[in-house]
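Everything on this sheet refers to the single structure shown next.
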Amino acid sequence: MSTLYVDNLQPNLGSQVEIPNLKPLAGSVVQVVHGRFTTFTTITSTSLVATGITATITPTSASSKILILASTNGIYKASGNIYMRTQIFRNSDVAFFVQEIATYDNSSGNNSGNVMSHHLDSPNSTSALTYEIYAALTNSGTVYFNNQNNGRPMESGITLMEIAQ
């Protein structure tokens, strides 16, 4: 049996050591991707339309889960009771959930608001995955995404986190 004696250990900050085949601990965040969207957009459709809020992530492991954090912000132009729904799609075909926001202003005034949502996806893939937010109104009206509120620009976005399993 050998014995190793060391009086002082210091890291070598000029180099990195890569350990091959080392798996991240389950539950740890492997990577984060954020899609920032600041373009002023008008939604008037009662059918789902792409908002332009999108982000793409390529998982490092097929067993990883993707945590989706989505936020849409803007001014909701009310001309009666307007309901807007948002839905997240993966690669334009897998729909996850619907979130709704409602305005109850019968006076034609503006209401500011946002929709925030989260979802945990299990895509079982190591290919690039594009997540995109779609929106629709349930009755006629207009929604303005990322409009300025009192001179302050608003921003929508989608954040994707790969979670090791």
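FYI, it's all coordinate maths here, none of it is from the lab. Here the structure is a predicted model, which is why all the values come from computation and not from measurement. So basically every Cβ, Gly included, is an ideal-geometry build from the backbone, and we count neighbours across all protein chains shown.
Provide Phe40, Phe89, Phe145 in ascending order of the number of other Cβ atoms located within 10 Å of each residue's Cβ, fewest first.
The order, fewest Cβ neighbours first, is Phe40, Phe89, Phe145.
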Neighbour-count ranking for Glu162, Glu155 (other C-beta within 10 angstrom, fewest to most) reads Glu155, Glu162
Quick note on Arg36, Arg85, ordering by fewest other C-beta atoms within 10 Å, gives Arg36, Arg85
